[in-house]
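Encoded as structure tokens, the structure appears first; notes follow it.
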Amino acid sequence: MKNSMMSVADATRKINEGAVLLLAGSQEALSQLPKGKWIGGTSVYFVTEEGGKVDRENVFVTELDQATDARAVIYAGDDLANLSMNRFDNGLSMILIPAFSQAHSEFAIKGAEFPGIFDQPLLGWITGVHLDDLGSTTPKIFDGATGASFEEGAAVLHVEMPAGYVADIGILNLFQPDTEADLITFSENGFGAKTASVNGEIVDFAAYLTQKGIDTKLPLVANYAGAMVNVSFQSVDAEKGVAFYAPVVAGAEYHIAKPTGDYAASFAAKVEGDGANELSCNCILNYLYGELEGKNTGTFTGPATFGEIAYILLNQTMVRVGVQPLAQSAVA
């Protein structure tokens, strides 16, 4: 894999050369690109080799230079559950879903039940917009084969790898549930909640968070079939209730995460290894709370997103993927 920020002109040349690409950029930038073997998603926040930055003009380009073939597919509605059906025998799939779409909710709640979802590497992110534009601009996905953009559904790039090569996915999550803290459940699935059950008692959730002085930089954490999954807070409003960056699941048992200490230092300490030949996507909240703008975080570069996907939807994580020879992967 090769990663770099490129101008629209340079990205255009790369597309016209027939490269297999995964792209991130503003809607304006992605809309200027020609048809080709790519999918793209909106983001204006990036972690680059020079540090974190906001960029509305350029495009973050990941070239899957080891790919022997690729096909882009848009899945929407009932088709979303079939996203594994068009895969190659040996490969990986890259997926992009617009934030706050029906597909976002559907994938978050039911994705782990989709047929074949864990049979082959699946990685991607939830597309977003500048935080100042929330409510006025919708996140988008792009199908490079047609040039069309969508605010609903999932764009998936199925990629074929050479024999003897395999994709390796890694997840960095700072958070563990504080199981000694209150037990929180919800009666409905959704990106927001006005009420919650706290230790069996129904409460006004916004008032509860405020009165308890909960640090909403810390996510809710639940055990989803053996995986610790974060649900991050977007806003707390006394009248509107609490909004999340991923939907809570009815009946799931949540706890506020344990404090990490100095957020930026804890994150920096966890980011280890050489990401020069890997793609990573980092949660927008890690970008903000870790104060990554202008800071170098090593060789792991990529977009800052509204959610990360490593088989299932994640929040407040960093996800990375690399392609390497099978023997090397087995040793690692």
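The values are calculated or read from the model by the stated rules, or taken from the named source; none is laboratory data. For clarity, every value in this text was computed on a predicted model and none was experimentally measured. Glycine gets a Cβ as well: all are built from the backbone with ideal geometry, and neighbour counts include every protein chain shown. Surface accessibility is based on the protein's heavy atoms, side chains included, excluding ligands, DNA and RNA. Shrake-Rupley method; radii C 1.70, N 1.55, O 1.52, S 1.80 Å.
Taking Gly135 as the residue in question, decide whether it is on the phi > 0 side of the Ramachandran plot, surrounded by fewer than 17 Cβ atoms within 10 Å (Cβ to Cβ) and among the small types (Gly, Ala, Ser). Yes; evaluated as a whole, the condition is true for this residue. If you go through segment 219-255 and pick out every residue that is in contact (Cβ under 8 Å) with a residue 60 or more places away in the chain and over 13 Å from Gln316 (Cα atoms), you end up with 12. Cβ-Cβ contacts under 9 Å between residues 6 or more apart (or on different chains), taken from a first residue in segment 72-93 that is closer than 24 Å to Pro325 by Cβ to a second residue that is exposed (fewer than 14 other Cβ atoms within 10 Å of the Cβ), are listed as Arg87/Gly116; Arg87/Asp119; Phe88/Asp69; Asn90/Pro162; Asn90/Ala163; Asn90/Gly164; Gly91/Asp69; Ser93/Asn86. Give the residue that is surrounded by the most Cβ atoms within 10 Å (Cβ to Cβ), with candidates limited to residues of segment 85-113 that are over 18 Å from the mean Cα position of the chain (by Cα) and not in a helix (DSSP H, G or I). Among those residues, the one meeting the criterion is Gly91.
Yes/no per residue for (1) modelled with pLDDT of 95 or more; (2) touching a His at 6+ places or on another chain (Cβ under 7 Å); (3) among the acidic types (Asp, Glu); (4) farther than 12 Å from Leu157 by Cα:
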residue: Gln27; (1), (2), (3), (4): yes, no, no, yes
residue: Ile39; (1), (2), (3), (4): yes, no, no, no
residue: Ser43; (1), (2), (3), (4): yes, no, no, yes
residue: Gly51; (1), (2), (3), (4): no, no, no, yes
residue: Val61; (1), (2), (3), (4): yes, no, no, yes
residue: His104; (1), (2), (3), (4): no, no, no, yes
residue: Ile126; (1), (2), (3), (4): yes, yes, no, yes
residue: Val129; (1), (2), (3), (4): yes, no, no, yes
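Scanning segment 1-24 for residues that are open to solvent by less than 30 Å² (accessible area, probe 1.4 Å) and of a type in the set (Gly, Ala, Ser) turns up Ala11, Ala19, Ala24.
Criterion first (outside any strand (DSSP E or B) and in contact with a helix residue (DSSP H, G or I) (Cβ under 6 Å, 6 or more places away or on another chain)) does Gln66 satisfy it? Considered against the rule, which asks whether it is outside any strand (DSSP E or B) and in contact with a helix residue (DSSP H, G or I) (Cβ under 6 Å, 6 or more places away or on another chain), Gln66 comes out as no. Among residues of segment 164-216 being assigned to a helix (DSSP H, G or I) and not β-branched (Val, Ile, Thr), the one that is most open to solvent (accessible area, probe 1.4 Å) is Gln211. State yes or no: is Asn230 within 21 Å of Glu308 (Cβ to Cβ), open to solvent by 40 Å² or more (accessible area, probe 1.4 Å) and part of a strand (DSSP E or B)? Considered against the rule, which asks whether it is within 21 Å of Glu308 (Cβ to Cβ), open to solvent by 40 Å² or more (accessible area, probe 1.4 Å) and part of a strand (DSSP E or B), Asn230 comes out as no. Restricting to segment 51-63, count the residues that are open to solvent by less than 30 Å² (accessible area, probe 1.4 Å) and either assigned to a helix (DSSP H, G or I) or not polar (S, T, N, Q) (or both). Result for segment 51-63: 6. If you go through segment 88-133 and pick out every residue that is under 22 Å from Ala24 (Cα atoms) and not aromatic (Phe, Trp, Tyr), you end up with 27. When the residues of segment 69-84 are filtered to those that are part of a helix (DSSP H, G or I) and at pLDDT 90 or above, the one that is most open to solvent (accessible area, probe 1.4 Å) is Asp79. Name every residue in segment 217-226 that is within 19 Å of Thr260 (Cα to Cα) and either in contact with a Ser or Thr (Cβ under 7 Å, 6 or more places away or on another chain) or open to solvent by 10 Å² or more (accessible area, probe 1.4 Å) (or both), in order of residue number. Answer for segment 217-226, where residues must be within 19 Å of Thr260 (Cα to Cα) and either in contact with a Ser or Thr (Cβ under 7 Å, 6 or more places away or on another chain) or open to solvent by 10 Å² or more (accessible area, probe 1.4 Å) (or both): Lys217, Leu218, Pro219, Asn223.
When the residues of segment 233-253 are filtered to those that are under 18 Å from Asp178 (Cβ atoms) and assigned to a loop (DSSP other than H, G, I, E, B), the one that is most open to solvent (accessible area, probe 1.4 Å) is Glu253.
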